[in-house]
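Engineer: Structure below; questions to follow.
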Amino acid sequence: MAICSASNLRLMRLLIGDTNTTDQSFTDADLTLFWVENGRNVYYGAAMAAEMLMALYANEQSVTIGDVSVSPGVESPTVAYANLAKKLRNMGHTRTVAPFAGGISRSAKQTEEQDGDRVEPAFTRDTHEYIVTSPNMDTQDRYPNG
């Protein structure tokens with residue numbers, strides 16, 4: 001199994017609120033498994049951990065003994081961890097996307113241009129230019145648009 005770095009484990013623990021070193025919900029091996037199962041993405045791994053905690057608290061319900069009643073409160077841990085998992089998945093979507101800028105390297109540009117399955121660009125260097133034919137002249141002049 002791959003090794004999850006200490007900083008990634010720490011971040012996952014921070015994201016799910018598992019920071020009490022004397023009473024941790026997950027072992028490092030558990031968090032590493034969640035990390036690997038989710039493509040080595042810290043946010044997705046933390047979301048999986050939150051879903052596991054949600055499952056743990058799913059059976060929590062109100063308990064009444066005599067005149068004393070104990071309930072999970074306004075927002076039960078199940079709902080809280082479900083919301084947390086959703087937020088962490090959104091963070092995983094937005095924080096792991098990298099923009100692509102093609103044509104920076106000459107060799108990469110040539111490789112792209114030689115690709116037979118490549119879709120031709122929808123625009124060219126002359127996209128914003130238009131040709132004006134003068135009725136009084138036999139020539140065509142190119143003018144930039146704007």
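Engineer: Would you mind working out the magnitude of the charge dipole of the range 6-95 relative to its Cα centre, with +1 at each Lys and Arg C-beta and -1 at each Asp and Glu C-beta, to the nearest 20 Debye?
Structural biologist: Working: 7 positive and 9 negative charges, 113 e Å.
Magnitude of the dipole: close to 540 debye.
Engineer: Per residue, how big is the convex hull of the range 6-95 when only Cα atoms are used? Give it in Å³. Before the final figure, lay out each step's value.
Structural biologist: Working: hull volume 9.0 nm³, N = 90.
Enclosed volume per residue, from the Cα hull, is 100 Å³.
Engineer: Next question. Go through the range 37-45 residue by residue and turn each phi into a ³J(HN,Hα) via Karplus (6.51, -1.76, 1.60, θ = phi - 60°); whole Hz please, and just put x for glycine and proline.
Structural biologist: Coupling constants for the range 37-45: 4, 10, x, 6, 9, 4, 5, 5, x Hz.
All of the numbers you see were taken from the coordinates with simple rules; none came from a lab. Remember, predicted model here, so these are calculated numbers, not experimental data. Note: ideal-geometry Cβ built from the backbone for every residue, glycine included; neighbour counts use all protein chains shown.
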